[in-house]
Amino acid sequence: MYEKIYEQADSFFKPISDILSISLETMDAFREKQTAFVSDVVADGIEYAKGVGDHGGNMETFYSAQKSYWENVQTKMSSNAKESMALFTETQEKITEVIQDSSPWFEDKPVKKAAKSVAPAKASKPAAKKKITTKPAPKAAATAKAEPVKAELSKPKTEPVSKPGEPEKSAGKPDEVIG
């Protein structure tokens, strides 16, 4: 009985263990790459600093030495970044492979689409909504000054509220009933 439990636990935790070991290997490799990069840049900086005094005040040689130093640093940084990205891409591929090999849901099964959500049931009586209608402005008002229009718009218009048991009537046509 305990052996079966142990086997199940071992098979369950094996992918996690594999992913952690891959991650540790990657971090060690990354640490070594960064250590080598920093060591090279520092060594180049020391060599550059030693050579700064040897130019004897000639600005052209000083400028060319500085330019070559920074080009060298830029090349090393670019190379280091490319190598690091390649390392992380390789690690990502390994981890993806481990996950796909260990997960039963990654098999070649068609993906089912999510069922459409069902709208919640409506309340027994929805709240009565007012229908706001606007009246078109008369043609004469369009040519008039803006002040009378502002005064007309600023006055609050009140519409009678229908009682809960009565059907609501449209504001535009008194004979029409909204159902």
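The values are calculated or read from the model by the stated rules, or taken from the named source; none is laboratory data. This is a predicted model, so every value here is computed, not measured. We place every Cβ from the backbone using ideal geometry, glycine too, and count neighbours over all the protein chains shown. The accessibility values were calculated without ligands, DNA or RNA, using every heavy atom of the protein model including side chains. Shrake-Rupley method; radii C 1.70, N 1.55, O 1.52, S 1.80 Å.
Convex hull volume of the C-alpha atoms in the stretch 1-61, normalised per residue: 67 Å³. Taken about its Cα centre, the stretch 39-91 carries a charge dipole of roughly 80 debye when the Cβ of each Lys and Arg holds +1 and the Cβ of each Asp and Glu holds -1.
Measuring nothing but protein heavy atoms, the accessible surface of the stretch 39-91 at 1.4 Å probe radius is 60 percent carbon and sulfur. Which entries in K33/K94; K33/K76; K33/K67 show an alpha-carbon gap greater than 23 Å? Check vs 23 Å cut-off fails for K33/K67. Semi-axes of the equivalent ellipsoid of the stretch 39-91 are 31, 11, 4 Å, computed as sqrt(5λ) over the eigenvalues of the C-alpha gyration tensor in descending order. Computed with every protein chain present, the accessible area of M27 is close to 100 Å² [probe 1.4 Å].
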